[in-house]
Amino acid sequence: MTTDFESRPADWLGVTEAQERVMAAASPLIPERLDLRDCLGRALAEDVVAGATLPPWANSAMDGYAVRAEDVAGASRASPVTLRVIERVRAGEPPGRTVTTGEATRIMTGAPIPPGADSVVRVEDTDRESEGGLVAVVDDRDAGQNIRPAGQDMRRGEQLLARGHSVTPGTIGVLAATGLASALVYRRPRVAVLTTGDELRDPAGFQDVVAGRGVPNSNGPMIAAMAEAAGAEAIALGTAADDPEDLRERLQSAHEADVLITLGGASMGEADLVKRVLDGMGYRPDFWRVRMRPGSPFGFGWLDRGAALQPTFTLPGNPTSAFVTFEVFVRPFLRRLAGHAETTRRRVICRAAEPIRAPARLTYFLRVEITGGGRDLAARLTGPQGSGLVSGLARAGGLAVIDEASPGVEEGGDVVIMLIE
């Protein structure tokens with residue numbers, strides 16, 4: 001079999017095999033240490049352990065009175081229990097006295113529990129010290145309650161987060177709670193995005209679209225945004241004309257990118273020049289064409305940059321084909337490069353709100369809207385599913401995945417949905 005891209009026959013891989021071959025080529029990039037505020041969306045490059053025991057002491061879960069449970073047992077509005085208030089303790093203040101029989105300490109949320117106390121009575125269940133120095137407890141429901149034990153959250157040396165964990169705002173809270181001002185995270189992959197085709201028009205040339213002399217370049221901004229959303233840094237190479245030299249110059253300008261994505265021009269048309277130009281630059285194809293719809297002209301390989309081989313994805317030019325192949329193949333690859341342990345989208349089972357057909361022996365990825373909630377999720381097609389249509393992408397909450405061995409799903413049947421929101 002020839003190895004050049006232009007004359008290579010279609011491989012027609014199954015989706016799973018194509019995914020496995022793409023992911024086998026991905027490994028995390030080198031780590032870097034960043035301030036916590038710059039870590040959002042990155043993946044941790046090392047395990048994180050607790051730097052202290054939290055809470056460091058037993059503390060109150062609410063504003064109220066620290067008491068002995070046996071002292072307030074049986075208290076009610078009809079038969080209140082009166083206790084002597086011996087001190088007040090706020091968060092961050094150590095208690096100065098031990099609570100003994102018939103006594104209470106006024107305590108604020110987060111304040112340390114004084115010795116002798118084993119309960120905190122919420123302030124609403126008292127008379128709020130209507131008589132100076134005394135508090136009447138009118139309900140015993142808090143006996144033995146409302147105390148957070150020391151170490152309930154974390155204990156010093158305990159592993160809290162594993163390498164590969166995706167950093168969320170909650171993660172940053174945990175990192176800060178364990179005493180860290182910075183974290184070791186994986187570098188974001190740099191992704192060069194190149195659209196191709198004389199027919200494409202950016203917003204400045206949109207009058208040509210109105211006049212029927214061109215089509216809008218929706219792929220470039222869309223794929224760059226998808227790369228950014230996946231945790232990468234997108235580098236826009238612009239739109240190459242159907243001219244080999246222009247195409248070559250733009251591809252050469254992306255030599256420092258970690259990943260190259262081309263859009264369009266890699267099928268079998270006379271003006272599909274991407275294959276020819278890539279071949280002339282030392283491209284080493286891994287595979288071309290997958291048994292899927294939309295997106296079958298998808299390809300993956302390596303562009304020889306001298307010192308390194310650059311992972312290269314050749315995506316179809318139809319907007320939905322580009323969107324789907326990015327979701328299925330490119331996004332997981334970028335997530336792996338960025339060090340994330342979780343690389344794939346979550347899948348759920350939904351009820352088909354209408355028949356979903358798969359007429360050819362291909363794996364289908366169909367745009368669907370998802371309604372309902374809990375165990376009553378329903379999926380409905382966003383409308384016509386042509387690969388050149390773009391409007392349904394904004395309404396799609398997921399992709400209905402119909403295996404190539406299945407003819408489809410009847411209304412009311414179960415359908416697998418790859419969530420994309």
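Points worth noting:
- Qualifying residue in the range 185-207 (condition: part of a helix (DSSP H, G or I), on the phi < 0 side of the Ramachandran plot and buried (at least 16 other Cβ atoms within 10 Å of the Cβ)): no
- Here the condition is being without any contact (Cβ under 8 Å) to a residue 60 or more places away in the chain and over 20 Å from the mean Cα position of the chain (by Cα); of 24, 18, it holds for 24 alone.
- Qualifying residue in the range 232-251 (condition: in contact with a strand residue (DSSP E or B) (Cβ under 7 Å, 6 or more places away or on another chain), surrounded by 23 or more Cβ atoms within 10 Å (Cβ to Cβ) and in a loop (DSSP other than H, G, I, E, B)): yes
Condition check ((1) hydrophobic (A, V, I, L, M, F, W, C); (2) modelled with pLDDT of 95 or more) across all residues:
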| residue | (1), (2) |
| --- | --- |
| 290 | yes, yes |
| 294 | no, yes |
| 301 | no, yes |
| 315 | yes, yes |
| 327 | no, yes |
| 337 | yes, yes |
| 345 | no, yes |
| 352 | yes, yes |
| 372 | no, no |
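- Where residue 386 falls short, out of the listed (1) in contact with a Ser or Thr (Cβ under 7 Å, 6 or more places away or on another chain); (2) under 29 Å from residue 215 (Cβ atoms); (3) part of a loop (DSSP other than H, G, I, E, B): (1)
- Note on the range 37-55: residues that are under 18 Å from the mean Cα position of the chain (by Cα) and of a type outside the set (Asp, Glu) total 8.
- Identification of strands (runs of 3 or more DSSP E) wholly contained in the range 73-183 with 1 or more residues that are of a type in the set (Ser, Thr, Tyr) and surrounded by 12 or more Cβ atoms within 10 Å (Cβ to Cβ) yields 81-89, 103-107, 119-122.
- Residue list for the range 80-112, filter: touching a residue at least 40 places away in the same chain (Cβ under 8 Å) and either under 45 Å from the mean Cα position of the chain (by Cα) or closer than 11 Å to residue 57 by Cβ (or both): 106, 107, 108, 109, 110, 111, 112
The values are calculated or read from the model by the stated rules, or taken from the named source; none is laboratory data. No experiment lies behind these values; they were computed from the predicted model shown. Using ideal geometry, Cβ is built from the backbone for each residue, glycine included, and neighbour counts are taken over all protein chains shown.
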